[in-house]
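Only the coordinates and a few stated rules stand behind these numbers; no lab work does. It should be emphasised that the depicted structure is a prediction, and the values quoted were computed from it without experimental measurement. Reconstructed Cβ throughout: ideal geometry from the backbone, glycine too, with neighbour counts over all protein chains shown.
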Amino acid sequence: MVQESGPAGTGRAPQGSLAAGLSGPSPANDSGAPSGRGGGLAALRRRMPLATLLAQRLGLSLLLLWAVSVVVFLGIEALPGDFAQTYLGQSATPQAVANIRAELGLDQPALSRYLEWLGGVAQGDFGKSWASGNSVTEQIGLRLGNTLFLAFWAALVSVPLAVGLGMLAVHFRDRWPDRLINVVSLGAISLPEFFVGYILILFVAVQGGWVTFPSTVYAGMSFGQRLEAIILPCATLVLVVLAHMMRMTRAAIISVMSSPYIETAELKGLDTLRIIARHAAPNAVAPIITVVALNLAYLVVGVVVVEVVFVYPGMGQYMVDAVTVRDMPVVQACGLIFASVYILLNMTADILGILTNPRLRHPR
Amino acid sequence: MKWRAIPLSAWIGIVGLAIAIFCAVFAPLIAPYGEREVVGDIWLPMGGDFVLGTDNLGRDLLSRLIYGAQTTIFVALAATVLSFSLGVMLSFTAAVVGGWTDQGLSRINDLMMSIPTLIFALIVLAVLPQELWILILVMAVLDSTRVFRLGRAVAVDVTVMEFVEAARLRGEGRMWIIFREILPNTLSPLLAEFGLRFAFAVLFLSTLSFLGLGIQPPEADWGGIVKDNKDGIIFGIPAALIPGAAIAGLAICVNLVVDWLLKRTSSLKGGRGDG
């Protein structure tokens, strides 16, 4: 445990916690599992271990989503600072503050506003923006697609590249390609997203003139034009995520390759290909999938900064703009969506991890 | 410890950190111009009177950078120290007390970690007034979740050891067990984590400032300088890249030192130290 706490180990932590949450004695986790029918949960767990695990994991995610909505709405209310006051500035008269509060519905009790908001969200209605008065859902509908488009292409490029490079590093372990990949990736982890972005803009777009900046996309653009517009933001995201993902892949494969049963297989005289395909791969798939999903989750966050750098009309830009003018309905809607995507990706990682782990398929 | 045993990469990290800390501590003495002093035309090129040129308002970029080192390092360090105190205290309490306290704290921590840090910070900063101590507090609280996770994992391993049990049986108090039994035995992984968290705090603060939500102008900080000068990029002026390089350099140096520390401690334990 102590040795795993290195730079490569930190990102893998969430999986451990969720696994701990599953095995822990928290009664709320069982809410998603179908109980009843004879011996109850224990019997069910014995008969269908995998299904019970998955149901628990799904239930946990739903619980988490609900808890996040509470934090995003009610938690914010509990913080010191009055929306109306900060919205109008320090010099506002008490009358103006009261007017604004009434106009935005802030004079209602927090709980009833939360329920109303949650009801709206469940039907896909995020309310109206305070700053512009437009429907938040409409704006998000326009922008979410753009963000997902960008994240999708970044993922499509970075995942195979990272897994490939990670395997390459393991193959040439402790020789120069591994060291080179290690040093470069250590450097790349330390680069802030905006730094990578502006370097690309300066050298590729401004001095090279190969692509245009800013990377605006608008309705009516063809698919090819859109792809061309997102080349630079996509490249930035890939560079930012790649190093992390690759280091974690390398650590995952090495930790499997250095386990005693692989050593046994080696000593038994099996050839390398067979060891990797039959012995190492089944146990390495789960950690690699976790790594990939966690980094996709990270991608969703990295998108915020990259969109601001490239003036790309997506969710991140929308949220940052809203935070600057303290437009709470927009901030809450974007926050909830980003958090949901993050939770869903983490859940997918865990579920794939459960499905691909041969040890979990058979009850003890 | 032998000086010669320190590898080249660690030396690079140590020297880089030393330079940054020197700039931060003696900023008013070594900066050629004042922090907010307008000294020339906007975006003058490098060389001549101004080693790195001037920024978007005609302020000396090198001086801004040196003052920026002060702000960035001070705020990041304050946030990291605070997040460590908070995270270590809570995680050790959770590990030592166990039971419902442990469950409660761990589940709250899971919930906090289920929202991405940057998104959480954006939501919170949208409500809170823009003041420096609030910024430090927000960074510290969000970061302490990561410290909590590591601290708890490490402390749980130590709490089951015989010497802790012996201390309990001799009737030592909870504080004694946390500070005299567990803390000394978990110091080396926590120290390495401190370095990583500091590097992360620098990056995080710079990102927030770059988005306009961190340190407010005219105070100089590295992320803010990038934001100030980003419009110059379109005209081919690299002023925004210099503070960006400073941020990256500082983070790389910290990582190099941490890497060396981790390797040293893992080889001391003589394991398969691949982590």
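Taking every Cα atom in the range A:136-361, find the radius of gyration and the maximum pairwise distance Dmax, and write them in Å.
Cα only, the range A:136-361: 20.3, 67 Å (Rg, Dmax).
Can you tell me the length gained on complete extension of the stretch residue A:110 to residue A:178, counting 0.36 nm per residue apart and subtracting the Cα distance?
Values: separation 68, 0.36 × 68 = 24.48 nm, distance 5.57 nm.
Result: 18.9 nm gained on full extension.
Using the beta-carbon distance between residue B:57 and residue A:168 and R0 = 45 Å, what value does 1/(1 + (r/R0)^6) give for FRET efficiency, to the nearest 0.05?
On the way: r = 48 Å, r/R0 = 1.06.
The calculated FRET efficiency here is 0.40.
Where does each of A:268, B:263 land when they are ranked from fewest to most other beta-carbon atoms within 10 angstrom? Intermediate results must be reported in sequence, preceding the final value.
Working: A:268 8, B:263 16.
Neighbour counts put them in this order, fewest first: A:268, B:263.
Quote the FRET efficiency, to the nearest 0.05, computed for residue A:216 versus residue B:172 with a Förster distance R0 of 51 Å and r equal to the Cβ-Cβ distance. Please report the intermediate quantities before stating the final value.
Working: r = 65 Å, r/R0 = 1.27.
Result of the calculation: an efficiency of 0.20.
Please work out the ratio of the alpha-carbon Rg of the range A:239-293 to 2.2 N^0.38 Å and round it to two decimals.
1.25
Take the alpha carbon atoms of the protein assembly as shown, find their radius of gyration, then divide it by 2.2 N^0.38 Å using N residues; give the quotient.
Against the empirical 2.2 N^0.38 Å value, I get 1.00 for the protein assembly as shown.
Dividing the convex hull volume of the alpha carbon atoms of the range B:95-179 by its residue count, what do you get in Å³ per residue?
Details: hull volume 9.3 nm³, N = 85.
Hull volume over Cα atoms, normalised by residue count, gives 109 Å³.
Give me a single rounded figure for B:140-146: the average over its residues of other chain Cβ atoms within 10 Å of their Cβ. Spell out each step's value before the answer.
Numbers: counts 0, 0, 0, 0, 0, 0, 2.
Per residue, the average neighbour count from other chains is 0.
Beyond 20 Å, what share of the Cα-Cα pairs of the range B:1-133 remains, rounded to the nearest whole percent?
So the portion of pairs separated by more than 20 Å is 68 percent.
How far apart, in nanometres, would the label points at residue A:65 and residue A:207 be if each is projected 7 angstrom from Cα along the Cα-to-Cβ direction?
The modelled label-to-label distance comes out at 4.8 nm.
To the nearest Å, what is the center-to-center distance of the range B:83-107 and the range A:231-247, using C-alpha atoms only?
35 Å
Apply the membrane-span-like helix rule to chain B: whole DSSP H runs, Cα extent along the own long axis of at least 20 Å, mean Kyte-Doolittle hydropathy at least 1.6. List the helices found.
Values: long enough: B:8-25 (25 Å, 2.44); B:61-97 (52 Å, 1.66); B:99-113 (21 Å, -0.39); B:132-159 (37 Å, 1.40); B:183-210 (39 Å, 1.25); B:241-269 (42 Å, 1.16).
Membrane-span-like by this criterion, though nothing is claimed about a membrane: B:8-25, B:61-97.
Helix-derived [θ] at 222 nm for chain B: sum -39500 (n - 2.57) over DSSP H runs of at least 4, divide by residue count, nearest 500?
Details: 10 runs with 186 residues, N = 275.
Mean residue ellipticity at 222 nm (helix-derived): -23000 deg cm²/dmol.
What number, in percent, do you get for the relative contact order of the range B:7-268 if the mean sequence gap of Cα pairs under 8 Å and at least 6 apart is divided by its residue count? Working shown, then result.
Details: 356 pairs, mean separation 66.5, N = 262.
Normalised by residue count, the contact order of the range B:7-268 is 25 percent.
If you wrap a convex hull around the Cα atoms of the range B:119-275, how much volume per residue is inside, in Å³?
Working: hull volume 23.8 nm³, N = 157.
Per-residue hull volume (Cα only) is 152 Å³.
Quote to one decimal, in nm, the extra length available between residue A:42 and residue A:324 on full extension: 0.36 nm per residue of separation minus the C-alpha distance between them.
Details: separation 282, 0.36 × 282 = 101.52 nm, distance 5.15 nm.
Separation in residues times 0.36 nm, less the Cα-Cα distance, equals 96.4 nm.
Could you give the nm distance between label points at residue A:281 and residue A:132, where each point is 7 Å from its Cα heading toward the beta carbon?
5.0 nm
Could you state the number of Å between the C-alpha centres of the range B:165-242 and the range A:144-174?
27 Å
Picking from A:220, A:207, A:286, whose Cα lies most toward the positive end of the charge dipole for the range A:199-349 (charges on Cβ: Lys, Arg +1; Asp, Glu -1)?
Final value for the positive-end residue is A:286.
If you wrap the range A:265-353's Cα atoms in a convex hull and average its projection over all directions, what's the area in nm²? Could you put the intermediate results ahead of the total?
Working: hull surface 31.5 nm².
Its Cα hull, projected and averaged over all orientations, spans 7.9 nm².
Assign unit charges at the C-beta atoms only (+1 for Lys and Arg, -1 for Asp and Glu), then state the dipole size of the protein assembly as shown relative to its Cα centre in Debye, rounded to the nearest 20. Please report the intermediate quantities before stating the final value.
Working: 43 positive and 42 negative charges, 519 e Å.
Magnitude of the dipole: close to 2500 debye.
Could you give the Stokes-Einstein D for chain B in µm² per second, using the C-alpha Kirkwood radius, 4 °C, 1.567 mPa s? Let's see the in-between values first.
Working: Rh = 20.7 Å.
Rounded, D is 63 µm²/s.
Quote the FRET efficiency, to the nearest 0.05, computed for residue B:183 versus residue A:92 with a Förster distance R0 of 51 Å and r equal to the Cβ-Cβ distance.
On the way: r = 49 Å, r/R0 = 0.96.
With R0 = 51 Å, the Cβ-Cβ based efficiency is 0.55.
Full extension from residue B:134 to residue B:22: what is 0.36 nm times the residue separation minus their Cα-Cα distance, to one decimal in nm? Walk me through the intermediate numbers first.
Values: separation 112, 0.36 × 112 = 40.32 nm, distance 2.65 nm.
Here the answer is 37.7 nm.
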